[in-house]
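> Pasting a structure below so you can have a look.
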Amino acid sequence: MVSIPAVNAALQVRAHAQKSACMFACSSPSPQRHRAASPIMLSTATAAWTGGCVLFGASGAFVVVPNLKPWYESINKPSWSPPNNIFAPMWTTLYTILGIASARAFGLNPLSQPRALAVFALQV
């Protein structure tokens, strides 16, 4: 027969393991449950992250594009090199995907993950 103190100890170990798992899986260190964000808030955050990434990516075009034409046309390119008019749509698509991924990763509270936000800012 199992003693009551042994059962209580096993239940405490299980509760501690569940609490630790929640703290590891949740974005915030507190084990309390958070309300889900509304779809409007999530779509606003996605639009803000996506717009910010696209604008940040496009900001470099003001410096690069005027200086690119003489240099890029003068270098030897392989036959499989894409045409010049494909670069703008492709970079816009890439920065849009980057914004959507950022919104999914950081959501409404990017400061809750400062290390990930620093790495993201560094690589952009």
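Each value in this text was obtained by applying a stated rule to the coordinates, not by laboratory testing. Worth saying up front: this structure is predicted, and the values here are computed from it rather than measured. Virtual Cβ from ideal backbone geometry, glycine too; neighbours counted across all protein chains shown.
> Spelling out what I want: for every residue of the range 82-92, take phi, set θ = phi - 60°, compute 6.51 cos²θ - 1.76 cosθ + 1.60 (Karplus), and round to whole Hz; glycine and proline get x.
x, x, 4, 6, 8, 5, 4, x, 5, 5, 5
> Related question: Using packing as a proxy for protection, rank 59-68, 112-121 so that the peptide with the highest average count of other Cβ atoms within 10 Å comes first.
Sorting 59-68, 112-121 by mean packing, highest first, produces 112-121, 59-68.
> Same structure, new question: Output the peptides 45-51, 76-82, 104-110 sorted from most to least packed, where packing is the average of other Cβ atoms within 10 Å over each peptide's residues.
45-51, 104-110, 76-82
> Still on this structure: Sort 83-90, 94-101 by packing, meaning the average of other beta carbons within 10 Å per residue, with the highest value first.
94-101, 83-90
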